[in-house]
Amino acid sequence: MTLPIVEAKLGEPSLAIDPALTVEWLVAFLRDEMIARRGIERAVLGLSGGIDSAVVAYLCARALGPGNVYAVRLPYRRSSPSSLSDAQTIADALGINLETIEISAAVDGYLQYAPDADARRQGNVMARMRMLVLFDQSARRNALPIGTGNKTERLMGYFTWHADDTPPVNPIGDLFKTQVWALARHLGVPSRVVDKAPSADLEANQTDEGDLGITYAKADRILNLVLLGYRDDAIAARGFTRDEVRLVRGRVDRTHWKRHLPTTALLSSTAINEFYLRPVDL
Amino acid sequence: MSGTVQCALVQSKPRKGDVPANLAAMRDAFVQLQDAPVDLIVFPEAALTGYFLEGAVYELAFGATELAARVDREWRAAGGDGRRVDVVLGFYEKFGGTYHNSALYVRCGAADGVHVVHVHRKMFLPTYGIFDEERFLTRGRHLGVFETAFGRGAILICEDAWHALMPTVAALKGARLLIVPSASPGRGLCGEDGLESNTRWKTLLASAAAEHGVYVLYCGLTGFEGGKGMSGGTCAFSPHGQLLVSAGPLEPCIVRVALDEAEIEIARATLPLLGDLSAVLPDLWLDDEIPIARRLEEAT
């Protein structure tokens, strides 16, 4: 008699999240980090009209109350009008404060001295200008700037160093993009914002997935396996091409520096963060 | 041991590095506990300071005797003067020339003064990923079993309880109660019971309780420390491995549970695994094939 064979499938660590628990966790995080630790009850964030800042706005509104959330639209003259209207939709849905501060004059004020700046350099100037404004607006309102970068873009190095990554508190930085999508649906972010193609909106017709050369759905699964220590062949065996695996791992490997503070020459046995070690919250 | 023992597990949320504020919060909990019978009060690991201290551990460490006197003062100031209670508290310990992640078992409130019953020094210091304990601390070398308010017991601090051998050794040495102060950063957002890390904890603790027929009291720190959320989850397991009570991950609270001596006898009579282990233990322990370092050194 031939016995039936029951075969195990190739396992893959899940990226599923419990969105209700995640929201509860992140709301507690914001309250502890802002109010309990720093005594600051107001948040300032750039509201781009995209899903990341939308999710952070929803979380801040729950944690602090809508009246304590100050969202800022920071358009450059080439920014998409639909981004502005999407940001307005989010602010209206939440009842948070919304202000628009055009950065064109400030950005162009510098760029007139940099006529050779290509699109990448221009985009970096815009990103850094936006962060300058957010920090100043935070000082104006006795608030804390809140970060909106997700784990996927942090790992892929798909952000401007000392710009998008600068705010001292970030609730979604350990969530992959696909997890941010799941959270957005749970939070009730308008479907127009959830379903549109993610874009940094620094150049016309720009999309994240076009820039990255891979979909977020694939990138997130590969990133998760890379972080857990799987080798390329083991990752490819889970349904990816070698080129996809190389693309993702390559971006991670080339951008470790973007996830660190500046490199400081060590000269003593009291070097800060090398020998002299203290936690951020002491 | 005396029949039923009333326990209170204080899932606390310390202010980082602020010992006076955390002692004041301890006194508040003591005040709250004056209204009902309580024999044993447990606080989490590093309850006096918060968990992630890095180099500041040397500035915020206490001697056990000094700390015991302060805990006793707080208990008496809270209205417990003349009312005996046992308190377990996780703290960073200055011990001679070394520093440890320790838990104090102290008898407070008695007419004859304060009495340090036991100090357990954490043996398994996690030093991987976000954990860096052995960079700053020295590990303990002894798993002690001592007389608690509920007969013989042992303290296992956090990772101590992740190694199945630890509850086993404690039970073999006569422990009927395992007290587990912990500071566990929550990870994994899709566990069967919420956080994956808390699901893992409950699986481990239930298994230890059921295998050895012991009560297990787990007391978890809560609150965020630099983005890392301590996952609370304070709970208690019966000697049958049943979950008796469980707190959520995020809010400070006091968990109350009564331990009944009779349950241990029933559990051990129903499932005499500890007795079986005692009988087989010499064959396992004396197995020359077990790669114990000291034995290997002697052989070479």
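Calculated mean residue ellipticity at 222 nm for chain B: -8500 deg cm²/dmol, from DSSP H runs with n ≥ 4 weighted as -39500 (n - 2.57), summed, divided by the residue count and rounded to 500.
Here the label points at B:Asp132 and A:Ala217, each 7 Å from Cα along the C-beta direction, are separated by 4.0 nm in the simple model.
A DSSP coil position with no more than 14 other Cβ atoms inside 10 Å describes the following GluC sites (Glu not before Pro) in the range B:175-230: B:Glu192.
Farthest towards the positive end of the charge dipole of chain A, among the residues A:Leu59, A:Ala271, A:Ala71, is the Cα of A:Ala271, using unit charges on the Cβ of Lys, Arg, Asp and Glu. Other protein chain C-beta atoms within 10 Å of residue C-beta, averaged over A:19-31: 4. Listing A:Leu47, B:Leu195 from fewest to most neighbouring C-beta atoms within 10 Å gives B:Leu195, A:Leu47.
The relative contact order of the range B:93-169, computed from alpha carbon pairs under 8 Å that lie at least 6 residues apart in sequence, is 25 percent. For chain A, the number of Lys pairs separated by eight or more positions or lying on different chains, with C-alpha atoms closer than 17 Å, is 5.
Residue order for A:Trp161, A:Trp181, B:Trp201, B:Trp285, fewest other beta carbons within 10 angstrom first, comes to B:Trp285, A:Trp161, A:Trp181, B:Trp201. Per residue of A:271-277, other chain Cβ atoms within 10 Å of the residue Cβ number 2 on average.
Between A:Met1 and A:Asp92, the contour length at 0.36 nm per residue exceeds the alpha carbon distance by 25.9 nm.
One decimal place: the segment A:Arg185-A:Glu99 gains 28.4 nm when fully extended, by the rule 0.36 nm per residue minus the C-alpha distance. For B:Thr234, nonlocal amide neighbours, meaning residues 5 or more places apart or on other chains whose placed amide H falls under 5 Å from its own, are B:Gly220, B:Ala247. Here the Gaussian network model covers chain B, with springs between Cα atoms less than 10 Å apart; of B:Thr222, B:Thr234, B:Thr65, B:Thr65 fluctuates the most. Long hydrophobic helices in chain B, taken as whole DSSP H segments with a C-alpha length of 18 Å or more on their own axis and mean Kyte-Doolittle hydropathy at least 0.5: B:19-32.
Look at the alpha carbon pairs under 8 Å that are at least 6 residues apart: their mean separation over the length of chain B gives a relative contact order of 18 percent. Note on A:Glu12 and B:Glu251: with the Förster distance fixed at 22 Å, the Cβ-Cβ geometry gives a FRET efficiency of about 0.05. In units of the compact-protein estimate 2.2 N^0.38 Å, the protein assembly as shown shows a Cα radius of gyration of 1.11.
Taking the square roots of 5 times each eigenvalue of the Cα gyration tensor of the range A:19-196, largest first, gives ellipsoid semi-axes of 26, 18, 16 Å. Proximity of backbone amide H atoms, modeled 1.01 Å from N, is registered between B:Gly63 and B:Lys94 at under 5 Å, excluding neighbours fewer than 5 places apart on the same chain.
Among the DSSP beta bridges whose two residues both lie in the range B:4-299, what percent are antiparallel, rounded to the nearest 5?
Taking every DSSP beta bridge with both residues in the range B:4-299, the antiparallel ones total about 70 percent.
Using alpha carbons only, how many degrees (0 to 90, rounded to 10) separate the axis of helix A:51-64 from the longest principal axis of chain A? That works out to roughly 70 degrees. Each helix, a run of at least 4 DSSP H residues, gives -39500 (n - 2.57); summed and divided by the residues of chain A, these come to -13500 deg cm²/dmol at 222 nm. From most to least packed by mean Cβ count within 10 Å, the peptides A:25-34, B:27-36, A:182-191, B:69-78 give A:25-34, B:69-78, A:182-191, B:27-36.
State the Kirkwood hydrodynamic radius of chain B in Å, one decimal place, computed from all pairs of distinct Cα atoms.
19.5 Å
How far apart, in nm, are two points set 7 Å out from the Cα along the Cα-to-Cβ line at B:Asp112 and at B:Phe95? Modelled inter-label distance: 2.5 nm.
Only one residue of A:Thr241, A:Ala119, A:Ile40 has its Cα farthest out toward the positive end of the dipole of chain A, where Lys and Arg carry +1 and Asp and Glu -1 on Cβ, and that residue is A:Ile40. Highest mean packing comes first when the peptides B:103-116, B:6-19 are listed by Cβ atoms within 10 Å, giving B:6-19, B:103-116. For chain B, the number of Lys pairs with C-alpha atoms closer than 24 Å, counting only pairs eight or more positions apart or on separate chains, is 13. With axes computed from alpha carbons, what is the tilt in degrees of helix A:177-187 against the longest principal axis of chain A, rounded to the nearest 10 within 0 to 90? Approximately 70 degrees, to the nearest ten.
Computed over chain A with a Gaussian network model linking Cα atoms closer than 10 Å, the most mobile of A:Phe135, A:Phe176, A:Phe240 is A:Phe240. About the centre of its Cα atoms, chain A shows a dipole size close to 220 debye [charges on the beta carbon of Lys, Arg (+1) and Asp, Glu (-1) only; nearest 20 debye].
Arranged from fewest to most other beta-carbon atoms within 10 Å of their beta carbon, B:Glu289, B:Glu263 become B:Glu289, B:Glu263. Mean partner shielding of peptide A:170-177, defined as the number of other chain Cβ atoms within 10 Å of each residue Cβ, is 1.
Since every read-out is calculated from the coordinates, none of them should be taken as a lab result. Here the structure is a predicted model, which is why all the values come from computation and not from measurement. A quick note on method: Cβ atoms are made from the backbone with ideal geometry, for glycine too, and the neighbour counts reach across all protein chains shown.
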